[in-house]
1. Looking only at the stretch 83-125, count every residue that is exposed (fewer than 13 other Cβ atoms within 10 Å of the Cβ) and under 15 Å from Met1 (Cβ atoms) and tell me the total.
2. All but one of (1) outside any loop (DSSP other than H, G, I, E, B); (2) within 13 Å of the ligand (Cβ to nearest atom); (3) over 11 Å from the mean Cα position of the chain (by Cα) hold for Gly119, so report the exception by its number.
3. Of all residues being farther than 19 Å from Ala107 by Cβ and among the charged types (D, E, K, R) in the stretch 16-55, which is least open to solvent (accessible area, probe 1.4 Å)? Just the residue, please.
Amino acid sequence: MRRITAAETWPLRQSVLRPGRPLAAAQFPGDDLSSTNHFSAYQNDELVGIASLFLAEMPEHPGVTAWQLRGMATAPEVRGAGFGRALVAACVAFAFASGKKLIWCNARLSALGFYRKLGWEILGEEFDVPDVGPHFHMWRRLP
Ligand SMILES: CC(C)(COP(=O)(O)OP(=O)(O)OC[C@H]1O[C@@H](n2cnc3c(N)ncnc32)[C@H](O)[C@@H]1OP(=O)(O)O)[C@@H](O)C(=O)NCCC(=O)NCCS
C-alpha cells in the first residue's frame with residue numbers, strides 16, 4: 001500500500017464515488033490536513049484503489065479518539081480481486097499502530113456486505129447522505 005496525496009485520490013474518487021459530478025465534489029474537507037492519510041493500491045503502475053483516514057470522533061462514541069475511513073473505492077475492473085480488503089487492512093493496521101481506539105465509516109447500503117465480511121459492525125440507524133443515498137455507521141474496535 002503506497003501513501004499518496006489527496007489530489008492523487010480525486011480522479012478515482014470522482015469516477016467511483018461521485019460519478020457525473022465535478023472534481024470538486026470528490027474533494028473532502030480536511031483532505032490536506034497533515035493528520036489525514038491517503039492510501040492507494042496499484043496494479044501494473046495503474047492506480048486501482050484508494051482509501052483515506054481522517055481523524056474524527058464517531059458520533060456514537062463521542063470523546064473516543066478515532067479514525068474515520070472515507071473515500072473507499074476500487075476501480076470497477078479490479079473488483080473482487082482483493083484490493084478493497086488490502087486497503088482496509090492497511091488502514092486498520094495504521095489506525096492500530098497510531099494508538100487510537102476505533103475506526104469507523106459511513107457505509108453505503110451497497111457496501112455493507114463488504115465491511116461485514118471484514119469484521120466491521122453496524123452501529124445506529126440508517127441515515128441519508130444527500131446526493132449519495134442511504135448509509136449506516138459501521139465500525140471496528142481496534143484490537
Ligand atoms: C466496496 C468496494 C470498495 C469493494 O472493493 P473490492 O476491491 O471489490 O473488494 P475485495 O475484492 O477486496 O473484496 C473483499 C471481500 O468482500 C466481498 N465484497 C466486495 N464487495 C462487496 C459488496 N458490495 N457486498 C458484499 N460483499 C462484497 C468480496 O466478494 C470479497 O469476498 P471474499 O474475500 O469472500 O472473496 C468496491 O466494490 C467499490 O469501490 N464499490 C463502489 C464504491 C463504494 O461503495 N465504496 C464504499 C463506500 S462506503
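1. 2
2. (1)
3. This residue is Asp31.
The values are calculated or read from the model by the stated rules, or taken from the named source; none is laboratory data. Predicted model, so just to flag it, every value in this text is computed and none were measured. Cβ atoms come from the backbone with ideal geometry, glycine included; neighbour counts cover every protein chain shown. For accessibility, only protein heavy atoms count, side chains too; no ligands or nucleic acids. Shrake-Rupley method; radii C 1.70, N 1.55, O 1.52, S 1.80 Å.
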